[in-house]
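Asker: Input: one structure, supplied below.
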Amino acid sequence: MTERRIDIVSGQEPPTCPRCRQEGLLLARVPYGWTNEGGVAVEGRNGVVLCAACDTDTPYAAQLITWFHVHGTVEAGHSEEFLRLLAEWAEQISVPPLDRQRLETEIEQWRRGRAART
Ligand SMILES: [Zn+2]
């Protein structure tokens, strides 16, 4: 298993969450790779925003969000704990964009279904 490199993109301004347009906690560039229909390996990097509002239901994101609540910013240091949480979270989100689109559609449908029941 090769180690996947996750880049934390830092800037003057906090990242904007593409989903709710609020300030996100973290912008990371996560590598992804899969084989397309022609058998060609496709690799790239996906910019992903961790958002305290949108990611509460994302696997492993809650722990990372809690970390930010406790420590404030990544500036506090890339502690081992932080890197572990980041890696676990990134593992969940780095699926191919096409699958991700389908996943998000399913999540959306699930949310609507849940909202309808309550
Ligand atoms: Zn959001």
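Read-outs throughout are calculated quantities, based only on the coordinates presented, and are distinct from any laboratory measurement. Just so it is clear, the model here is predicted, and its values are computed rather than measured. Note that we place each Cβ from the backbone using ideal geometry, even for glycine, and neighbour counts take in every protein chain shown.
Asker: Taking the Cα centre of region 15-66 as origin and charging only Cβ (+1 Lys, Arg; -1 Asp, Glu), how large is the dipole, in debye to the nearest 20?
Answerer: Value, rounded to 20: 160 debye.
Asker: Could you run the Karplus curve 6.51 cos²θ - 1.76 cosθ + 1.60 with θ = phi - 60° over region 40-51 and give me ³J(HN,Hα) per residue in whole Hz, x for Gly and Pro?
Answerer: Karplus-based 3J(HN,Hα) across region 40-51 equals 9, 6, 10, 10, x, 10, 10, x, 10, 9, 8, 10 Hz.
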